[in-house]
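Beneath this line is the structure, given in C-alpha cells, with notes to follow.
Bear in mind that the values in this text are calculations on the coordinates, not laboratory data. Because the structure is a prediction, the values reported are computed rather than measured. Here the Cβ is made from the backbone with ideal geometry for all residues, glycine too, and neighbour counts use every protein chain on show.
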Amino acid sequence: DWTGSSQVRAGSPQFFRVGVWAKNTEMRFFVDGIYQFTIRDTVFTRGGVGIFARSAGQSSVSVAFKDLVVHELEGGAPIPTLVPTKTQSPQPTATK
C-alpha cells in the first residue's frame with residue numbers, strides 16, 4: 001500500500017534529493033536525507049539501476065534528473081545503519 005510522505009509535496013516546481021541504499025535483499029529509500037521506508041525482496045538480490053516515476057492521480061507528472069550519482073558499497077561492507085546517530089556538538093563554556 002502507498003503511503004504519502006511529508007517530504008514530497010504536491011505542486012511544481014519541486015526539487016528533491018532521492019537516495020537509495022541497496023544490498024542483497026534490502027533497499028532503503030530516503031528523500032532529502034530523511035529515511036522513508038525499507039523494502040526486502042528475495043527475488044532481486046542483484047542487478048542494475050533504474051528509475052521510474054508516475055502520477056498518482058489524473059494530473060500529469062514531469063521528472064528531470066540532475067547530478068545523478070551512483071556509488072557502490074565497497075566489498076563486503078554492510079549497508080549503513082538505518083538512522084545515523086547524531087554527534088554531540090561541543091557546548092560553549094563561559095570564560096573570564
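What the table shows:
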item: Separation in nanometres of the label points that stand 7 Å from Cα toward Cβ, at S6 and T42; result: 3.6 nm
item: Paramagnetic reach from V70 (point 7 Å along Cα→Cβ, amide N under 19 Å) across the stretch 9-30; result: 17-30
item: The stretch 1-40: Rg to Rh, with Rh as the Kirkwood radius over Cα pairs; result: 1.02
item: D32/A53 FRET efficiency (R0 22 Å; Cβ-Cβ; nearest 0.05); result: 0.85
